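To start, the structure itself, in structure tokens.
Just so it is clear, none of the values below were taken in a lab; they were calculated from the coordinates. Treat the numbers as computed from the prediction; the structure is a model and nothing was measured. Cβ coordinates were reconstructed from backbone atoms using ideal geometry, including for glycine residues, and neighbour counts include every protein chain displayed.
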Amino acid sequence: MTETTLPEVIVVITEPLTVEAVGRWRGILDGAVDARPRRLVLDLEDMASIDADGIALIVAVHRLLTSRGTRLVIRGPNQRVRQLFGLARVAGILTFEETLEAPA
């Protein structure tokens with residue numbers, strides 16, 4: 001039997017990724033990882049904030065995907081969220097992408 005690999009899975013997070021939400025998002029991200037995409041995009045454009053638990057979740061997903069040869073991309077985080085990744089000293093290991101503009 002041949003295993004099908006999706007080219008990309010996009011997960012849009014619109015609520016703060018904090019200790020209160022991490023458990024729920026862990027389950028959602030586990031499902032995305034289990035789909036075995038070649039690229040997993042976390043769209044954070046409409047996410048207002050993140051705490052240490054949210055950053056730890058993203059880093060754990062990044063490590064798991066990297067071990068499988070899959071790329072994790074963080075799309076469109078606001079300036080504050082990007083700064084928090086920097087303060088946590090993980091910005092250098094993550095791949096960031098600007099939000100895609102809708103065609104006019």
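Determine the pairs where a residue that is at positive phi, located within the range 61-80, has a partner that is surrounded by 12 or more Cβ atoms within 10 Å (Cβ to Cβ) with Cβ atoms under 8 Å apart, the partner being 6 or more residues away or on another chain.
Final answer for the pair search is GLY76/ASP43; GLY76/LEU44; GLY76/GLU45; GLY76/GLU97; GLY76/THR99.
Could you identify the single residue in LEU57, LEU84 that is aliphatic (A, V, I, L, M), touching a strand residue (DSSP E or B) at 6+ places or on another chain (Cβ under 9 Å), over 26 Å from ALA35 (Cα atoms) and in a helix (DSSP H, G or I)? Explain how you work it out, then say what you get.
Values: LEU57 fails: over 26 Å from ALA35 (Cα atoms).
Just a single option satisfies the conditions, and that option is LEU84.
Is it the case that some residue within the range 25-34 is part of a loop (DSSP other than H, G, I, E, B), in contact (Cβ under 8 Å) with a residue 12 or more places away in the chain and surrounded by 12 or more Cβ atoms within 10 Å (Cβ to Cβ)? Quick ask: steps written out before the conclusion?
First, pick out the residues of the range 25-34 that are part of a loop (DSSP other than H, G, I, E, B): none.
Checked against the condition, which is being part of a loop (DSSP other than H, G, I, E, B), in contact (Cβ under 8 Å) with a residue 12 or more places away in the chain and surrounded by 12 or more Cβ atoms within 10 Å (Cβ to Cβ), the range 25-34 yields no hits at all.
Assess whether VAL90 counts as being hydrophobic (A, V, I, L, M, F, W, C) and either touching a residue at least 60 places away in the same chain (Cβ under 8 Å) or outside any loop (DSSP other than H, G, I, E, B) (or both). Before you say what the answer is, go through the steps one by one.
Details: hydrophobic (A, V, I, L, M, F, W, C): yes; either touching a residue at least 60 places away in the same chain (Cβ under 8 Å) or outside any loop (DSSP other than H, G, I, E, B) (or both): no.
So VAL90 fails the test.
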